[in-house]
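Okay, so here's the structure we're looking at.
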Amino acid sequence: LREMVERGRIGSMILWGPPGSGKTTLAGLLAAHTDRAFVPFSAVTEGVGRVREIVAQAAERWAAEGRGTILFVDEIHRFNRGQQDAFLPHVEAGTVTLVGATTENPSFELVGALLSRARVFVLQPLAPADVERVLRRALADAERGLGTLDLRADDEAVALIAVHADGDARRALTALEAAADVLGPGGHLTEAAARDALQR
């Protein structure tokens, strides 16, 4: 995958992994590093009509700017087989690069024609050390995280949240935000406070 990004030649793909393993983040990075438009789409809340709109906009973007489009389809397994077929002509034509995300085995949930046009990458749950890094970054980042709150966090508290997240960075961040709401600016995240946040 790294080699594909470095060459700037990203093909359609399916990211298969558990919740919070970074599928959406990875898709955004692929778009940013290959200078393509990133268009998120939820198979839970949106339908084929929206796909047609996105494809039309992608064709216009390519004609006007020569810039490709990554169509990120979250929960792609929620689309039935007929709806999945709607992607095929646009993927084949190269109008969009499809990046689908799923927590389910693509071999059972996606149509064979779509799978034959996409590479499947398997993501694993994050290790506790990786989740700890995510939490530390969130505590320090004043722009996108909790850095403006000036929270102090004990190593044991961060480790506890990371372990209980079971490899899910989103779950860990939710617990950290819950603790921050209770502690307030300048608060001190202790192991006891982390345990309370995990029980909320």
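The values are calculated or read from the model by the stated rules, or taken from the named source; none is laboratory data. Predicted model, so just to flag it, every value in this text is computed and none were measured. All Cβ positions, even for glycine, are placed from backbone atoms using ideal geometry, and neighbour counts span all protein chains on display. The area values use the complete protein model at the heavy-atom level, side chains included, leaving out ligands, DNA and RNA. Shrake-Rupley method; radii C 1.70, N 1.55, O 1.52, S 1.80 Å.
Take segment 21-45 and flag every residue that is over 16 Å from Phe121 (Cβ atoms), touching a helix residue (DSSP H, G or I) at 6+ places or on another chain (Cβ under 9 Å) and not hydroxyl-bearing (Ser, Thr, Tyr). Working first, answer last.
So the first thing to find is which residues in segment 21-45 are over 16 Å from Phe121 (Cβ atoms), and the list is 32, 35-45.
Add one more test, that the residue is touching a helix residue (DSSP H, G or I) at 6+ places or on another chain (Cβ under 9 Å), and what stays is 36-44.
Within segment 21-45, Arg36, Ala37, Phe38, Val39, Pro40, Phe41, Ala43, Val44 meet the criteria.
Inspection of segment 171-193 identifies at least one residue that is closer than 21 Å to Gly28 by Cβ, surrounded by 15 or more Cβ atoms within 10 Å (Cβ to Cβ) and of a type in the set (Lys, Arg).
Would you confirm, using the coordinates I've provided, whether Ala165 is of a type in the set (Gly, Ala, Ser), under 21 Å from Ala127 (Cβ atoms), within 20 Å of the chain's Cα centre (by Cα) and open to solvent by 10 Å² or more (accessible area, probe 1.4 Å)? In short, no. Flag set for Glu191, criterion: among the charged types (D, E, K, R) and touching an Asp or Glu at 6+ places or on another chain (Cβ under 6 Å).
Looking at (1) in contact with a Lys or Arg (Cβ under 6 Å, 6 or more places away or on another chain); (2) without any contact (Cβ under 8 Å) to a residue 12 or more places away in the chain, can you tell me which one His188 breaks? Here His188 clears every test but (2). Here Leu151 fulfils each of the conditions (1) farther than 30 Å from Gly184 by Cα; (2) touching a strand residue (DSSP E or B) at 6+ places or on another chain (Cβ under 9 Å) apart from (1). Scanning segment 124-147 for residues that are buried (at least 17 other Cβ atoms within 10 Å of the Cβ) and hydrophobic (A, V, I, L, M, F, W, C) gives Leu126, Val131, Val134, Leu135, Ala138, Leu139, Leu146. Evaluating Ala63 against the criteria (1) small (Gly, Ala, Ser); (2) without any contact (Cβ under 8 Å) to a residue 24 or more places away in the chain; (3) under 21 Å from Leu29 (Cβ atoms) leaves one unmet condition, (3). Pairs linking a residue in segment 110-122 that is in a strand (DSSP E or B) to a residue that is loosely packed, with under 14 Cβ neighbours inside 10 Å and not small (Gly, Ala, Ser), with Cβ atoms under 8 Å and 6 or more positions apart or on different chains, are Phe121/Leu1.
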